[in-house]
Amino acid sequence: MLRDGKIDWVTVTSPAIARSLARLFGDDLRRARLASISPLTSSALAELGYEPAAEAAQYTLAGLAAAIVEKR
């Protein structure tokens, strides 16, 4: 589904998850917008060559959801 562009958002909740997603999906991960739970996670994404489209202001799942809603 990711490869086909059927996934709009991927939530990334830690640097370890960022690395796993990059390893599993590679360039296909660029087909979705990435939402990061924190600056630390955003930094990990950037180091991997991915730019988060949203970053949570509060580093919680609720904050992550709010960041996505704000960017829609």
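Observations on the model:
- From the coordinates shown, Kirkwood radius over Cα pairs in Å corresponds to which of (1) 11.8; (2) 13.3; (3) 12.5: (1)
- Largest-first ordering by accessible area, 1.4 Å probe, given options Glu47, Glu55: Glu47, Glu55
- Compared with the direct C-alpha span, the chain from Arg30 to Gln58 gains 7.6 nm at full extension, assuming 0.36 nm per residue.
The values are calculated or read from the model by the stated rules, or taken from the named source; none is laboratory data. A quick note: this is a predicted structure, and the numbers were derived from the prediction, not measured. All accessible areas refer to the heavy atoms of the entire protein, side chains included, with ligands and DNA or RNA removed. Shrake-Rupley method; radii C 1.70, N 1.55, O 1.52, S 1.80 Å.
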